[in-house]
1. Within the set of pairs 6+ apart or on separate chains, which have a first residue in region 117-138 that is over 16 Å from Ser88 (Cβ atoms) and small (Gly, Ala, Ser), a second that is exposed (fewer than 14 other Cβ atoms within 10 Å of the Cβ) and modelled with pLDDT of 90 or more, and C-beta atoms under 8 Å apart?
2. Could you please tell me which pairs satisfy a Cβ distance under 6 Å, a separation of 6+ or placement on different chains, a first residue in region 23-41 that is surrounded by 12 or more Cβ atoms within 10 Å (Cβ to Cβ), and a second residue that is among the β-branched types (Val, Ile, Thr)?
3. How many residues are in a helix (DSSP H, G or I) and either of a type outside the set (Lys, Arg) or within 13 Å of Ile15 (Cα to Cα) (or both) if we restrict to region 27-42?
4. Here's a check for you: in region 42-77, which residue that is closer than 19 Å to Ser27 by Cβ and aromatic (Phe, Trp, Tyr) is surrounded by the most Cβ atoms within 10 Å (Cβ to Cβ)?
5. Can you find, within region 25-66, the residue that is farthest from Phe83 (Cα to Cα) among those that are among the small types (Gly, Ala, Ser) and over 16 Å from the mean Cα position of the chain (by Cα)?
6. Filter region 10-22 down to the residues that are touching a helix residue (DSSP H, G or I) at 6+ places or on another chain (Cβ under 9 Å), free of Cβ contacts under 8 Å to residues at least 40 places away in the same chain and of a type outside the set (A, V, I, L, M, F, W, C) and list them by number.
7. Please verify whether Ala14 is at pLDDT 85 or above, surrounded by fewer than 14 Cβ atoms within 10 Å (Cβ to Cβ) and among the aliphatic types (A, V, I, L, M), treating the condition exactly as stated.
8. Assuming Arg75 fulfils every condition listed in (1) farther than 19 Å from Arg121 by Cα; (2) modelled with pLDDT of 95 or more apart from one, which condition is it?
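The values are calculated or read from the model by the stated rules, or taken from the named source; none is laboratory data. Here the structure is a predicted model, which is why all the values come from computation and not from measurement. No Cβ is skipped: glycine too gets one built from the backbone with ideal geometry, and neighbour counts run over all protein chains shown.
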Amino acid sequence: MNLLARSTDYAVRAILFMAQDPDQVTSTAELESELGLPRPFMRKTLQTLQKSGYLDSVKGNKGGFTLNRLPSAIRVFDLMTIFQGHISLGECLFKKELCSCVKSCPLRKEVKKMELGLLERLKKLTIADLMKDQKAGI
């Protein structure tokens, strides 16, 4: 089970890069060069972020994308939801149809408690928080 999908990871990395100089227009070629992210995948990721209101696109020869929100207004949970949909860690590994005790499973109850704590923390975590951690070397 992966908590973060590749598209979410790329989106967070791209936004972190762009947030360091929010007025700068960033191209997919620049993200490919600076972060080693594949251009076709980044193009799709950035277009999704633009359609979701996180980025503005700049057309033309020196085109690319700029941040449309402050880093403190971009929550990691929201990015995860855009790229991954509903986030749930407590799904039964064997799927509900194979498990007759899904409602009474003590392990699932514990995982659900952990999930609630994790999701609450992710809902509070912003790009600005990650930038602070990045500068502190965490």
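1. Ala128/Leu70; Ala128/Ser72
2. Listed pairs, sorted by first residue: Val25/Val58; Val25/Thr66; Arg39/Thr28.
3. Of the residues in region 27-42, the ones in a helix (DSSP H, G or I) are 28-35, 39-42.
If we keep only those that are either of a type outside the set (Lys, Arg) or within 13 Å of Ile15 (Cα to Cα) (or both) as well, we get 28-35, 40-42.
Total satisfying the criteria: 11.
4. In this case the residue turns out to be Phe65.
5. Among them, the one singled out is Gly60.
6. Tyr10, Arg13
7. Values: at pLDDT 85 or above: yes; surrounded by fewer than 14 Cβ atoms within 10 Å (Cβ to Cβ): no; among the aliphatic types (A, V, I, L, M): yes.
For Ala14, the condition - at pLDDT 85 or above, surrounded by fewer than 14 Cβ atoms within 10 Å (Cβ to Cβ) and among the aliphatic types (A, V, I, L, M) - is not met.
8. Exception for Arg75: condition (1).
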